[in-house]
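Peer 1: Submitted below is the structure of interest, expressed as structure tokens.
Every read-out reported here was derived from the displayed coordinates using simple, explicitly stated rules and does not represent laboratory data. The structure displayed is predicted, hence computed values, not measured ones. Neighbour counts are summed over all protein chains in view; Cβ atoms, including those assigned to glycine, are modelled from backbone coordinates with ideal geometry.
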Amino acid sequence: MTPRLLMWALPLSLLLAVGSNADVGQAADLRDLSLGMSIANIPAQEYVGLACADKKGAELAAWGEFRTCPPDEMGLRAISFRFNIETNPLAAVNDKYQGTKLGGHPVLLTGLVEGSGVLKRIRIDTDPNARPFWHKKAHLLALIIRARYGDDGWTCRDAERDEGETSVGGLLIKERCEKRSEHRQLILYREVYRRAGQPLSDFVNATHFIIEEAMD
């Protein structure tokens, strides 16, 4: 198997950063992306669909156009992106390798870049427009991520429920967990509920995962 084929055959455990017993500061956080790296060093062929996450319709030809995107309150500019399936020969023969996925789950990826062009944060969200099969299982990605970074050391709390929220299939989950893993602060949200007034066919089922540099 060639190096590129091997990379695309890797499970979630090797697409995300190494576990809690290793030096996360010396490893990539998502494939070949690592917090603190200059966007000038991101391989252009590996990622496509660059766009401003907070500016609808603002597509980018390259990471270097990040200043087109509006800054948030911390001065970070959010860029959405996808894995380039054209670099993955397996995508042509098996839909398991198509699209942007982690642990089999379709996901949306966002990189947050500071003014100097340094990657400061990575956000991974399950795709709310995924096929019903995956939408119903989206909260399970959070469990996979927790296991990947080690079950110990997480601090979790339940978020307040808004009026009228109800369970979905007997589940009502609004959980926020945090963990420091070496030089990284990990923030993980797991959600399953139905908002007030939502029809039975519509509900929230999601995982949101944020990787950022830990504050000393």
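Peer 1: Determine which lysines satisfy two conditions relative to residue 56: a Cα distance under 24 Å, and not lying fewer than 8 residues away in the same chain.
Peer 2: Straight-distance partners of residue 56: 101, 120.
Peer 1: With labels modelled as points extended 7 Å from the Cα through the Cβ direction, what inter-label distance (nm, one decimal) is found for residue 182 paired with residue 98?
Peer 2: 3.6
Peer 1: With a point put 7 Å past each Cα toward its Cβ, work out how far residue 67 is from residue 136 in nm, to one decimal.
Peer 2: Calculated label separation equals 5.0 nm.
Peer 1: Along the range 102-119, what does the Karplus equation 6.51 cos²θ - 1.76 cosθ + 1.60 (θ = phi - 60°) give for ³J(HN,Hα), rounded to whole Hz, x for Gly and Pro?
Peer 2: Per residue, the Karplus-derived 3J(HN,Hα) values read 10, x, x, 8, x, 9, 10, 10, 9, x, 10, 10, 7, x, 7, x, 9, 6 Hz.
Peer 1: A follow-up question, please. By how many nm would the segment from residue 54 to residue 40 grow when fully extended, if each residue of separation counts as 0.36 nm and the alpha-carbon distance is taken off?
Peer 2: Result: 2.9 nm gained on full extension.
Peer 1: Go through the range 47-63 residue by residue and turn each phi into a ³J(HN,Hα) via Karplus (6.51, -1.76, 1.60, θ = phi - 60°); whole Hz please, and just put x for glycine and proline.
Peer 2: In residue order, the calculated couplings are 10, 9, x, 5, 7, 6, 5, 10, 9, 4, x, 8, 7, 10, 7, 7, 4 Hz.
Peer 1: While we're on this one: Quick one: Karplus J couplings for the range 72-77, per residue in order, coefficients 6.51, -1.76, 1.60, θ = phi - 60°, nearest Hz, x for Gly and Pro?
Peer 2: Ordered by residue, 3J(HN,Hα) equals 8, 5, 9, x, 8, 10 Hz.
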